[in-house]
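Here's the structure we're looking at; comments come further down.
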Amino acid sequence: MNPIRPNWPALVAGGLALTLTACGGSAAAPGATSSAGAQKSLEVFSWWTSGSESAALKAMIDGYLKTSPGVNVVNGAVAGGGGGNAQAVLQTRLQGGDPPDIWQTHPGAAIQQYISGNLLADASSVYTGEVKSAIPAAMVEAISAGGKQYGVSAGAHRGNVLWYNKQLLEKAGVTLPGADYPTSTFLADLAKLKAAGVVPLCLGAKDTFATAELFENTLLGSLGADGWKQLTGGGTGWDGEKVKAAAADTAKMLQYADPDAGAMSWDQATKKLASGGCAFESMGDWAYGELVKNGAKEGETFGYTAHPGTGGSFVAVVDTMVMAAGAKNPAEATAFLQAVASKDVQLAFNKEKGSVPLRTDVDVSSLSPYQQQSAKSFAGDAIVQSVVHGEAMTPQFTQALFDAVTQFAQSKNVDAFVQALADAAQS
Ligand code: GAL
């Protein structure tokens, strides 16, 4: 077993599709100047480039500019769902000593790799009384090391959500899933949809994380939250019977995947669900933001439930911003983290993103019904960390998972798949 068991991995993925763009409407009008007279600047690096992701990033930057008017915010976003491309670009920049001022990451293993590499500035000054007491202790712990805080989390996505197009389910005579939706019923419903001539399962397989997410959610359904914690904590092996059962179920689900999946990103697959081109999608609730952004209406066009077998569990994918050690613009970067911690920015960002504010003192009554129930789930359900989004296992393991999932989607070889995972967990 790997001796380093993080509490909560950068995904070192292939592909270097660098798309540096100026931050359109968010960039400030020239005007703010430093004492030397030059305009102040700040680079914010992320993988938020889909319609809803860009809107949420804009809300975050606009919130910052309210308190820091005139700063020229450079949007360093790199396209690619789940950060596959962005994280590779970031690693190259970090190795080259050219860090962005601010970048997007997750708690747990993801942030810890940067902390242990001495790549982050201490952000403890953001954690004043009000902020610290409003963020769940476990979440503060997950971005801390040696008693210091190194990141500011903007919101919590729920990773284990199953979305569906209502009309398509009705057309195929499929009963809309309730809170307790067993995997066996889901598989039977996928078969019914196929028989009715509907594409049963939306999948944006161009983003490797999307297929990995289908497996992650199915694995949680097989293990339950306690089993998940044991597995990711090293207490049980990745070649156990429940992991094999989850892999076998994932292989069955993949037989119903959109034949065009390989050409689509997660957000294109989500748009296809919204427009009635495919029926179900297992995807974190950034999909909620994307559905709404594309004009789909909660309760009318689409519905949702927890991924089969995962009711009562909340895979928390927590969007977290960090500041580079030796940032080129330290004062601006510190002010940016302070803005991310503010109630106003948490509300505005999450409204677009589909997630819920991390601060428990934010009034969420203006958020959608989906988000309000998600906030309740976040407060009351069993919280587990995501492997796919780098929180629960090392970056090396997550990359091995992505490689194994890509092969498994072709081969459907359960034994080879779990063996690859077990080997990765031991290296
Ligand atoms: C996650 C991230 C989300 C969303 C998603 C799809 O890793 O936490 O904010 O961007 O990837 O790109």
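All of the numbers you see were taken from the coordinates with simple rules; none came from a lab. Model, not experiment: these values are computed from the prediction. Glycine gets a Cβ as well: all are built from the backbone with ideal geometry, and neighbour counts include every protein chain shown.
Around A422, with a cut-off of 11 angstrom between Cβ atoms, what is the net charge of the other residues, counting Lys and Arg +1 and Asp and Glu -1?
In short, -2.
Starting from the 7 Å offset along Cα-to-Cβ, what nm value, one decimal, do you get for the label separation of Q372 and T185?
Distance between the two pseudo-spin positions: 2.5 nm.
Treating the beta-carbon of each Lys and Arg as +1 and of each Asp and Glu as -1, no other charges, what is the dipole magnitude of the stretch 252-367 about its Cα centre, to the nearest 20 debye?
Using Cβ point charges on Lys, Arg, Asp and Glu, the stretch 252-367 gives about 100 debye.
Would you grab the residues whose amide H sits under 5 Å from the one on T236? Only those 5+ places off in sequence or on another chain, please, with H modelled 1.01 Å from N.
Those lying under 5 Å, H to H, from T236 are L231.
Work out how far the C-alpha atoms of the chain reach from end to end along every principal axis, then list the three figures in whole Å, largest first.
That works out to 69, 47, 39 Å along the principal axes.
Towards the positive end of the charge dipole of the chain, with charges on Cβ (+1 Lys, Arg; -1 Asp, Glu), say which of S124, I135, S366 has the farthest Cα.
Projecting each Cα onto the dipole axis, the largest value belongs to S366.
Rounded to two decimal places and with Rh computed the Kirkwood way over Cα pairs, what is Rg over Rh for the stretch 69-224?
Across the stretch 69-224, the Cα-based Rg/Rh ratio is 1.08.
Multiply the residue gap between T236 and A422 by 0.36 nm, knock off their C-alpha separation, and tell me the result in nm, one decimal place.
66.0 nm
What's the long-distance tail for the stretch 322-365, i.e. % of Cα pairs beyond 11 Å?
Cα-Cα pairs in the stretch 322-365 separated by more than 11 Å: 66 percent.
Can you tell me which of 279-286, 343-350 comes out highest on packing, and rank the rest after it, using the mean Cβ neighbours within 10 Å?
For the peptides 279-286, 343-350, the packing ranking is 279-286, 343-350.
Around G80, with a cut-off of 14 angstrom between Cβ atoms, what is the net charge of the other residues, counting Lys and Arg +1 and Asp and Glu -1?
Computed value for this residue: -2.
For the chain, with only Lys/Arg (+1) and Asp/Glu (-1) charged at the beta-carbon, what is the dipole magnitude about the Cα centre, in debye rounded to 20?
Around 320 debye, computed over the chain.
Of all the C-alpha pairs in the stretch 123-206, what % are more than 23 Å from each other?
In whole percent, the long-distance tail amounts to 50.
Mind checking which aspartates and glutamates have their C-alpha under 15 Å from K351, skipping anything on the same chain fewer than 8 residues away?
Once the sequence-local aspartates and glutamates are set aside, what remains near K351 is E53, D62, D285, E290, E298, D319, D363.
How much of the calculated P(r) for the stretch 191-251 lies past 16 Å, in percent of all Cα pairs?
Taking all Cα-Cα pairs of the stretch 191-251, the fraction more than 16 Å apart is 53 percent.
Dividing the Cα radius of gyration by the Kirkwood radius, what Rg/Rh value follows for the stretch 273-427?
1.02
Taking only the alpha carbons of the stretch 312-404, what extent do you get along each of the three principal axes, in Å, biggest first?
42, 41, 19
Once you have the alpha carbon radius of gyration of the stretch 378-427, what is it after dividing by 2.2 N^0.38 Å, with N set to its residue count?
Cα-based Rg divided by the globular estimate yields 1.32.
Normalise the Debye intensity by I(0) for the stretch 145-192, one equal point scatterer per Cα, no solvent, then take log10 at q = 0.15, 0.26, 0.27 Å⁻¹ and round to two decimals.
For the requested q values the scattering log ratios are -0.55, -1.07, -1.11.
Amide H neighbours of V384 under 5 Å, at least 5 residues apart or on other chains, H built in the peptide plane: list them.
Under 5 Å from the amide H of V384: F314, V315, A316.
With point charges of +1 on the Cβ of Lys and Arg and -1 on the Cβ of Asp and Glu, referenced to the Cα centre of the chain, which listed residue (G233, N75, A375) lies farthest in the positive direction of the dipole?
Toward the positive end, the furthest listed residue is N75.
Hey, what do the phi angles of the stretch 88-104 turn into as Karplus ³J(HN,Hα) couplings, whole Hz, using 6.51/-1.76/1.60 and θ = phi - 60°, x for Gly and Pro?
Ordered by residue, 3J(HN,Hα) equals 5, 5, 4, 4, 5, 5, 5, 5, x, x, 10, x, x, 4, 10, 9, 8 Hz.
May I ask which residue of Q338, T301, S313 lies farthest towards the positive end of the charge dipole of the stretch 297-346, with charges of +1 (Lys, Arg) and -1 (Asp, Glu) on Cβ and the Cα centre as origin?
Checking the options against the dipole of the stretch 297-346, the answer is Q338.
Tell me the mean residue ellipticity at 222 nm calculated for the chain from its helices only (DSSP H runs of n ≥ 4, each -39500 (n - 2.57), averaged over every residue, nearest 500).
Helix contribution divided over all residues of the chain: -13500 deg cm²/dmol.
Bin all alpha-carbon pair distances of the stretch 256-308 at 10 Å intervals from 0 and give each bin's fraction as a whole percent.
It works out to 24, 61, 15, in whole percents.
So, counting K/R as plus one and D/E as minus one, what does the shell of residues with Cβ under 12 Å around D249 add up to?
+4
What is the set of long-range amide H partners of A79 at a cut-off below 5 Å, with H atoms built 1.01 Å from backbone N?
T19
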